[in-house]
Amino acid sequence: MWSRLTLFAGNSNPSLADKVCSRLEIALGKALVTRFSDGEIRVEIGENVRGKDTYVLQSTCPPVNENLMELLVIMDALKRASARRINAIIPYYGYGRQDQKDKPRVPLAAKVVADLLSVAGAHRVITIDLHADQIQGFFDIPVDHLFGTIILSDALRKEIRGDEIVVAPDSGGTERSRLFASRLNLDLALMDYREENGTYPKIVGNVKGKKVIIVDDMIDSGRTVIRTTNAAMSAGAEAVEVCVVHPVLSGSSVEMIEASPISKLLVTDTIPLSENAKASKKIHTVSIAPMLAEAIKRVHFEESISSICNEILDHRRTGSH
């Protein structure tokens, strides 16, 4: 069934690539991805890909530039080896925060990356929880935008009592948090950052005596979710859990989370955890591999992608009753 499909991977997230291959019951494509002595990326495709539907799984997570360049060079190698289609699977899309010209003389780096992917040979991009939906418009090729928050909400479903409340940590995440709350039939509250009389930031909504669930697309330094957590606890919340798709967790973020009132941080494996994050008893991971494997299957057989999230959710809801 998969004779015309091959999945390759760079060095950013080999464990996720292995999980996706296991779900598809295929072997990972043979490719040498190393460095020359001066640091340049060296790629050799180790099998025939002429006329094949190829997929390259690579998160552009730290080290961002190294992983991005690996992805570009692998795709160029596949293009020159006459692959029929090259599909870039980018679970975490780096440079996604630079998606608008919000001040003079700044770049649209998210658009630059989109152009690089197209020039390198990508026919399609499959990605998860872009920082902003408008990034899809930076591409002149199809983009399949999947939502890891569905996987996170399903993982929480068995623990939900019904009196919890979802909090959006900023205005940009309001729609994401609203959908998350809707899937779990929970109320929604918002963070307000106005500076008036020293009473802000504060939460707009009643969180007193409730378990708060903060939802975001990514956690980097951790300052945003910790500030939201502190505001929730000050407003009388019973406990705070955090759900984010992309665990960037740079700098001292893991130590800050450990020292914070956050009781649980639920993330996906779009980005591999560092050793200290793996050791944390607060940080828990749910795999995005089943969703990616299903997306690959549907792209290969030219079936609908848009229904994946709803079908996964409906299936798990049925199985939970």
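The values are calculated or read from the model by the stated rules, or taken from the named source; none is laboratory data. Worth saying up front: this structure is predicted, and the values here are computed from it rather than measured. Note that we place each Cβ from the backbone using ideal geometry, even for glycine, and neighbour counts take in every protein chain shown. Accessible surface is based on the protein model in full, side chains and every heavy atom, while ligands, DNA and RNA are left aside. Shrake-Rupley method; radii C 1.70, N 1.55, O 1.52, S 1.80 Å.
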Completion exercise
Taking the range 1-11 and the residues there that are among the small types (Gly, Ala, Ser) and open to solvent by 10 Å² or more (accessible area, probe 1.4 Å), the one that is nearest to the chain's Cα centre (by Cα) would be 9
Practice task
Tell me which residues, restricted to the range 231-255, are surrounded by fewer than 20 Cβ atoms within 10 Å (Cβ to Cβ) and within 27 Å of residue 147 (Cα to Cα).
Solution key: 239, 250, 251
Handout entry: Enumeration of residues in the range 145-187 that are more than 17 Å from the chain's Cα centre (by Cα), open to solvent by 10 Å² or more (accessible area, probe 1.4 Å) and among the acidic types (Asp, Glu)
Key = 159, 163, 170, 187
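Do the conditions hold for residue 59, that is, is it open to solvent by 30 Å² or more (accessible area, probe 1.4 Å), modelled with pLDDT of 95 or more and not in a helix (DSSP H, G or I)?
No.
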Exercise for the section: Considering each of 74, 26, 45 in turn, give the residue that is open to solvent by less than 80 Å² (accessible area, probe 1.4 Å) and within 20 Å of residue 93 (Cβ to Cβ). Expected result: 74
Completion exercise
Flagged pairs (Cβ under 9 angstrom, 6 or more apart or on separate chains; first in the range 26-37, small (Gly, Ala, Ser); second part of a loop (DSSP other than H, G, I, E, B)) are 29/46; 29/47; 29/49; 31/10; 31/46; 31/47
Practice task
Run down 78, 68 and say which single residue is at pLDDT 95 or above, touching a Ser or Thr at 6+ places or on another chain (Cβ under 6 Å), in a helix (DSSP H, G or I) and closer than 22 Å to residue 302 by Cα.
Solution key: 78
Exercise for the section: Pick out, from the range 147-211, the strands (runs of 3 or more DSSP E) lying fully within it that include 1 or more residues that are farther than 16 Å from residue 239 by Cα and in contact (Cβ under 8 Å) with a residue 12 or more places away in the chain. Expected result: 187-192, 202-204
